[in-house]
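Written below as structure tokens is the structure these notes are about.
Every number in this text was worked out from the coordinates using simple rules, so none of it is lab data. These numbers were taken from a predicted model, which means no experiment stands behind them. Neighbour counts are summed over all protein chains in view; Cβ atoms, including those assigned to glycine, are modelled from backbone coordinates with ideal geometry.
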Amino acid sequence: MNPNEEHQEHTYVLEPNTLIFQVRDLADQPQDFKVRLLNAFTAFLRPEGSGSPQIESYEESIDRPWRRMVNVPTLDDLRVIEFPPLMQVQGSQRFSLIPLRLERDKSDLEPEDVLKVLNDAYIELEGRFTNSGGKGGRSKFQPITLNNDIDLISISPNWLGGGLPHTKPTGGPGSLPASTPAPVGMPRRFELRGSAALDSLSRFRRPGAQMIIFDTARDLKEFPSPVRDIFTADPPMEVYPYPQELISVDFDALPPYWIPDNEHYDMSDHGTFIASIIRSITPSTKIYLYQVLNAYGMGSFVTVAHGLKEALNRHAQGDTQLVFNCSLGMTHKLPEKNKSKQPLQKLFPKLWEQLIQELIFMALRDAFAQVISHPNITVVAAAGNEAQEGDAENGKRPFAWYPAAFDKVLSVAALPKPYPRDKMRGRKFKPATYSNSAQSEDPGKDKAYSFATFGGDRKNGPPGSPDRFSPVGGVLGVYIGVIPTENPDESLSQNGPPNPTCFALWSGTSFATPIISALVAAQQNELIYSSTRNLRPYLSTVDENVIRMRQV
């Protein structure tokens, strides 16, 4: 399958005032790490001394070295996202991500300013680039020793991503939510179609595993009873809000260059909707919900990495089995859109060499490697919702976003209800119109990790039609917020009261993903089969392993 090139552009943007420095600490005694780290960055970024005046304007910065553009924080302001050594990897050291601000006020900056600093940094450090393995081999960066036993591994921007609004084909919900009556006997159960339905998933099953969700979050006190009981019943779900002092992006508002005000909506229910799906399949599973996305479904590499680190430190102890549900997405491609309308390749040529792309991708890959390599953790991630109507028929479904595209991650695409077949492709199952492929752009990823299951579809009516983007056969879950509506001018609004039924239908790979996560963790006696017939497993049109589920 060839990816549709138009989907490789405009997929996300960068935070306009932050660079991420990835370092590896080789010391045996890491207790004084922050002090050593601050001293190392002061010496590296201010080799001429730390008393130079702060840069006040872009014009003043043009003739200054790139190091002068990066702020050196105080010890109290230094934020460190610190990961433990890789499990089962001999000689692995702890690595950390350090977000550092540019010197000027955020309101005066654009993503291009970050890229200018990054471009200049890589021009200076060009002599440290190597390429191993010949043509197509993985690029490497010869580490810079900052302070005896602290090595600088890479420098990258802070990517913005997450479960993004549906109106711009992205990695977020495939449809708008739609209010629906509360089911009788909450929550509504899921059934597997056929006794062989789990054959392709059997090797990944971890019955009794605990569930970690990285997503948006609501305080459970906001939910009225008895809906709240879905989350507080034994074992009760625990929610970890994102710590405000560690926020890198503006966690409460979307930046103006990202999505216009009338094209996003409050999707605070996204994470708890996912949790309600998991609870309906496996009520015995302990769930931890980590807030890494804001109310609009937006986060960044920093917020996601912080959640990964916290979950590892809190829960990955001893023999505890864990499933990480990531109904969010990022890509390591740099954005094509910029204020000057010029291709970024012409503005910043160093950033567009294959070798530089690999360096920028290193931090994302290494952060998830800490999780994927853990012998007791299974990662399940949404493939994304950026396909357009007709892409599946034309063989142009975009590849899965990251982390779904990583090797050893269970990637999940969405199927519509009631599982239509494609007669032209051996009667394989058709995907939802919005769904990315679960396959990775990396041809080395094992296709046994690619799945497709019930995620619902959406209407694709003309602009201004009252039910455009509404779900068709969507997944049912808990939703207490205001249901968004599309206006005649194609803008979105949420002017009504909170959803009176507390339940909604919603479509997306975000909601197919927790079905797979729950099946991985469910006890055998929790699985319900709608048929005892030994139906052979089926594949989707791109040979994803289909898990046939229905919600009754």
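Could you tell me the calculated FRET efficiency between Q494 and S373, based on Cβ-Cβ distance and R0 = 41 angstrom, to the nearest 0.05? Provide the component values of the computation, followed by the final result.
Details: r = 41 Å, r/R0 = 1.01.
FRET efficiency, Q494 to S373: 0.50.
Taking the alpha-carbon centroid of each part, what is the distance from region 396-445 to region 270-332 in angstrom?
22 Å
Among K221, K116, which comes first, second and so on when ranked by fewest other beta-carbon atoms within 10 Å? Could you put the intermediate results ahead of the total?
Working: K221 6, K116 20.
The most exposed by this proxy come first: K221, K116.
Pick out, in residue order, every one of the trypsin sites (Lys or Arg not before Pro) in region 487-552 that is DSSP loop and has at most 16 other C-beta atoms within 10 Å; say none if there are none.
Answer by residue number: R533.
Once phi is turned into ³J(HN,Hα) by the Karplus curve 6.51 cos²θ - 1.76 cosθ + 1.60 with θ = phi - 60°, what whole-Hz value does each residue of region 496-502 show in order, with x for glycine and proline?
x, x, x, 4, x, 8, 6
Take the Cβ-Cβ distance between E238 and D407 as r, set R0 to 30 Å, and report the resulting FRET efficiency rounded to the nearest 0.05. Working shown, then result.
Values: r = 30 Å, r/R0 = 1.01.
Step by step, r from the Cβ atoms, then E = 0.50.
I need S440, S493 ordered by Cβ neighbour count within 10 Å, fewest first.
Arranged by neighbour count, lowest to highest, S440, S493 become S493, S440.
Between I528 and A182, what is the label-point separation in nm under the 7 Å Cα-to-beta-carbon projection?
Rounded to a tenth, the inter-label distance reads 1.8 nm.
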